[in-house]
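The next block holds one structure in the form of structure tokens; read it before the comments.
The values are calculated or read from the model by the stated rules, or taken from the named source; none is laboratory data. Model, not experiment: these values are computed from the prediction. Glycine also receives a Cβ, built like all others from the backbone with ideal geometry; neighbour counts cover every protein chain displayed. These accessible areas exclude ligands, DNA and RNA; they are computed on the full protein's heavy atoms, side chains included. Shrake-Rupley method; radii C 1.70, N 1.55, O 1.52, S 1.80 Å.
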Amino acid sequence: MPTKALAKKSAAKKPQPKKDGLTEAQIAVHWKEEGDIRPPARFIAQANLNDPQMVERFSEKNFPECFREYAELLHWDQYWHTTLDTSRPPFWKWFVGGKLNASYNCVDRHLAKYKNKAAFIFVPEPEDEGHTVITFQELYRRVNEVAAMLRDFAGLKKGDRVTIHMPMIPELPITMLACARLGVIHSVVFGGFSGEACGLRAADSGSRILIYTDGYHRNGRWVDHKASADIAVKTAEKEGQSIDKVLIWRRYPHKYSSETPMIMQRDFFINDVLKEYRNAVVEPVSMDAEDPLFLMYTSGTTGKPKGCQHRTGGYLAYVAGTSKYYQDIHPEDVYWCMADIGWITGHSYIVYGPLALAATSVLYEGVPQFPDAGRPWRIAERLAVNIFHTSPTAIRMLRKAGGDEPQKHNYRFKHMTTVGEPIEPEVWRWYYEVVGKGEAVIVDTWWQTETGGFLCTTKPALDAMKPGSAGPACLGIYPVIWDENGKEVLAAAHAAGNICIRNPWPGIMQTIWGDPQRFVNNYYKKYNADPNSKDWRDWPYYAADGAVLAPDGYYRILGRVDDVINVAGHRLGTKELESACLTLPEIAEAAVVPVVDDVKGRVPEIYVSLKPGVHSNRAITEKIVATIETMIGKIARPKRIHIVPDMPKTRSGKIMRRVLAAISNRMDTGDITTLANPDIVEQVRQIVQGRERGPLAEGPEDIKLFGEDR
Ligand code: WT7
């Protein structure tokens, strides 16, 4: 249905300049439209979302009041008076006047019925360590004790920020919930990021307390994590942020498992300090619905990661609602989301959403294929997991390393999720037939750090599954696809465009921490015709993903259209990697491009040219890798580094990343005659592909790509 805003927008937008990069969406490998698969009857019979009326209740004419239904899943200390306040676009306010506490909602309120039920089942990576069960009663005790310590020992109060750099152990959600209890804003940094990356984020958020773990198991090795705390403190201080205390959890409570010395008066073992707070009870602080709950840093198009600020009421309502209806979590299920809590998936769909519903969740410390590709299925069988949630990268890896393993194990999934990247229909089918044994429904959920929760996915009991497509929009979400000129790309066009969400929803971030202008510019400026408009219809959310809409209303997501590379479902900014390279004195220029990878979806490849007089050698590539690992973390390690004599450039001197990406992906480099140095292209091609001209990758079959004249 065309809205007022849509009609206006088409005329108002001026064409955007063509980008010099080849984006993920443009190098997307296209597969043909697949047939429908109906959800299994056994699933439908027990589903939370089995009422087609609900779709009607969330239709646009009932917006925004429809979202009351999500908010009513929570306990409110005080009911809200205004569901959505749009008076200051795009800084929406949800459930205004309402008061609640997230920790109370995730823990305390379940005690009456479920105090003896498992909240978390922790599975350490070493298989011989067995698992530990944490009941809701135990979770309540531990969250209270930690909250008391954070308040009285660390001096934290409502509105303060705390940076948490921890692996997947129960102390991580416990610490987050303790912060939420006090109204302290947590900023969890993924454990695999370096100390330096953590320090920068701590400085940006203004944290004066860091929370760490001494170490953890990962892929069969022991990681000495305390070492990165020292680097984080130094980095934060260099940025002008002093750190008062570093609080350290011991992975094994009774022994310190790091080689790195503790620093007197600065470093403290939480396990020891907690003895003072045994059985302490901390009243949950009643927060305004709009008070921030947490920050989650993510990569953007500029060098600096941005702190996505999420609100308490709207966020919790949205993740509780989507966990209930799309993850189909019931209190009696055993739910396992194999993501890391250090990413938004873990925040929304391990911690806040599932706990708001009193779920029993598996928390696994390690990597899926350790010690072998049968591990996840052994865990699933042993713990009777029936809801399983993971990423295409993990699915590809497990399929490659042990495609027959699932059938050797006697588990039974009713529901499975894939999230974070597009999934190939072939991989989807293995997931469905082999992992799910043809009995489990699959949801392919498309969303982002910024969006708090799902945007597009099938309704598990009501919609057919279609391999390779995320599905229709979620309840209360109204997407649209526009081309660069603001013209709507309709389903019949078989063309890709920029997917946007026309309306606000409760899970959307509030702002970028400390940079509201960047929030407006990044997500709303592109398709906003009138910056003075007070009408939400004039403020569509720009997701920076390419997408195609099929005639059946299903969205297929192609990937990023900006300078972000989605590696194994994790976002890396090309600028972050390039700036890391440029800190080396030998490097003159650096360009990073996304390259298709059969396990990780996309990986970064780096092109560098050296300063005059510097000779190309192995040591330089090793230095580049080491620098990236130090400044960002191991997850950003490039697949290949190419040292080239010069970069292909425009006459104005801009590096043509599009040409480099085409070479790396063995695609057609397109017209290069207008370059300042067209001859360099063949030289670079030979360096990358060798002397023999390899076959070019197949181009898109059925979809016209935006920004390209094909
Ligand atoms: C980017 C967001 C969503 C939580 C984990 C990642 C890509 C996400 C899908 C999907 C195709 C997907 C998009 C998006 N993406 N889910 N189901 N199909 N692509 O959160 O790190 O903020 O990354 O991941 O490109 O923009 P994130």
Revision key, fill the gap. Going through region 516-530 in order, the residues found to be open to solvent by 30 Å² or more (accessible area, probe 1.4 Å), modelled with pLDDT of 95 or more and in contact with a helix residue (DSSP H, G or I) (Cβ under 9 Å, 6 or more places away or on another chain) are 522, 530
Exercise for review: Could you give me the residue pairs with C-beta distances under 6 Å whose first residue belongs to region 367-390 and is farther than 20 Å from residue 568 by Cβ, whose second residue is in a loop (DSSP other than H, G, I, E, B) and open to solvent by 30 Å² or more (accessible area, probe 1.4 Å) wherever it lies, and which are 6+ apart or on separate chains?
Suggested key: 381/410
Check your understanding: Is it true that residue 250 is basic (Lys, Arg) and either within 20 Å of residue 296 (Cβ to Cβ) or in contact with a Leu (Cβ under 6 Å, 6 or more places away or on another chain) (or both)?
Key -> no
Practice item. Name every residue in region 311-360 that is within 16 Å of the ligand (Cβ to nearest atom) and aliphatic (A, V, I, L, M), in order of residue number. Key: 319, 338, 339, 341, 344, 350, 351
Check your understanding: How many residues are buried (at least 16 other Cβ atoms within 10 Å of the Cβ), small (Gly, Ala, Ser) and part of a helix (DSSP H, G or I) if we restrict to region 31-75?
Key -> 1
Review point. At pLDDT 95 or above, surrounded by fewer than 21 Cβ atoms within 10 Å (Cβ to Cβ) and of a type in the set (Gly, Ala, Ser), is that true of residue 87?
Key: yes
Revision key, fill the gap. All conditions in (1) more than 14 Å from the ligand (Cβ to nearest atom); (2) crowded, with 18+ Cβ neighbours inside 10 Å; (3) in contact (Cβ under 8 Å) with a residue 60 or more places away in the chain are true of residue 586 except (3)
Exercise for review: Inspect region 622-631 for any residue being away from the ligand (no atom under 16 Å from the Cβ) and at positive phi and give the result as yes or no.
Suggested key: no
Review point. Among (1) more than 15 Å from the ligand (Cβ to nearest atom); (2) among the β-branched types (Val, Ile, Thr); (3) under 29 Å from residue 296 (Cβ atoms), which single condition is residue 489 missing?
Key: (3)
Check your understanding: So is residue 515 touching a residue at least 60 places away in the same chain (Cβ under 8 Å), of a type in the set (D, E, K, R) and away from the ligand (no atom under 16 Å from the Cβ) or not?
Key -> yes
Review point. What about residue 471, is it within 16 Å of the ligand (Cβ to nearest atom) and either crowded, with 24+ Cβ neighbours inside 10 Å or modelled with pLDDT of 95 or more (or both)?
Key: yes
Review point. Between residues in region 266-281 that are exposed (fewer than 11 other Cβ atoms within 10 Å of the Cβ) and residues that are acidic (Asp, Glu), which pairs lie under 8 Å by C-beta distance while being six or more apart or on different chains?
Key: 278/145; 279/145
Review point. When only residues in region 231-256 that are of a type in the set (S, T, N, Q) and either assigned to a helix (DSSP H, G or I) or open to solvent by 60 Å² or more (accessible area, probe 1.4 Å) (or both) count, which is farthest from residue 126 (Cα to Cα)?
Key: 242
Exercise for review: Restrict the check to region 379-387 and report whether at least one residue is touching a helix residue (DSSP H, G or I) at 6+ places or on another chain (Cβ under 6 Å) and of a type in the set (A, V, I, L, M, F, W, C).
Suggested key: no
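For region 404-423, which residues satisfy the criterion of being within 11 Å of the ligand (Cβ to nearest atom) and open to solvent by 10 Å² or more (accessible area, probe 1.4 Å)?
Residues satisfying the conditions are 419, 420, 421, 422.
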Review point. Picking from 559, 553, 507, 573, which residue would you name as being in contact (Cβ under 8 Å) with a residue 24 or more places away in the chain and over 30 Å from residue 312 (Cα atoms)?
Key: 553
Practice item. Go through region 216-267 residue by residue and tally those that are under 27 Å from the mean Cα position of the chain (by Cα), under 30 Å from residue 368 (Cα atoms) and among the polar types (S, T, N, Q). Key: 2
Practice item. Please specify each residue of region 206-226 satisfying the condition of being open to solvent by 10 Å² or more (accessible area, probe 1.4 Å) and in contact (Cβ under 8 Å) with a residue 12 or more places away in the chain. Key: 206, 208, 216, 217, 218, 219, 220, 222, 223, 224
**Study point:** Which numbered condition residue 287 fails, given (1) crowded, with 24+ Cβ neighbours inside 10 Å; (2) within 14 Å of the ligand (Cβ to nearest atom); (3) among the hydrophobic types (A, V, I, L, M, F, W, C)
**Key:** (2)
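Given the residues 384, 373, 380, which is the only one that is open to solvent by 50 Å² or more (accessible area, probe 1.4 Å) and either away from the ligand (no atom under 16 Å from the Cβ) or over 24 Å from the mean Cα position of the chain (by Cα) (or both)?
The unique qualifying residue is 384.
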Point to revise | Enumeration of residues in region 531-583 that are away from the ligand (no atom under 16 Å from the Cβ), open to solvent by less than 20 Å² (accessible area, probe 1.4 Å), in a loop (DSSP other than H, G, I, E, B) and not aromatic (Phe, Trp, Tyr) | key: 533
Revision key, fill the gap. Quick count over region 449-465, residues being under 24 Å from the mean Cα position of the chain (by Cα) and either open to solvent by 10 Å² or more (accessible area, probe 1.4 Å) or more than 15 Å from the ligand (Cβ to nearest atom) (or both), is 2
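Which count do you get for residues in region 114-170 that are in a helix (DSSP H, G or I) and crowded, with 19+ Cβ neighbours inside 10 Å?
Matching residues across region 114-170 total 13.
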Check your understanding: Within region 290-307, which residues are away from the ligand (no atom under 16 Å from the Cβ) and small (Gly, Ala, Ser)?
Key -> 303
Review point. In region 433-459, what count of residues is obtained for those that are out of contact with any Cys (no Cβ under 7 Å at 6 or more places or on another chain) and part of a loop (DSSP other than H, G, I, E, B)?
Key: 11
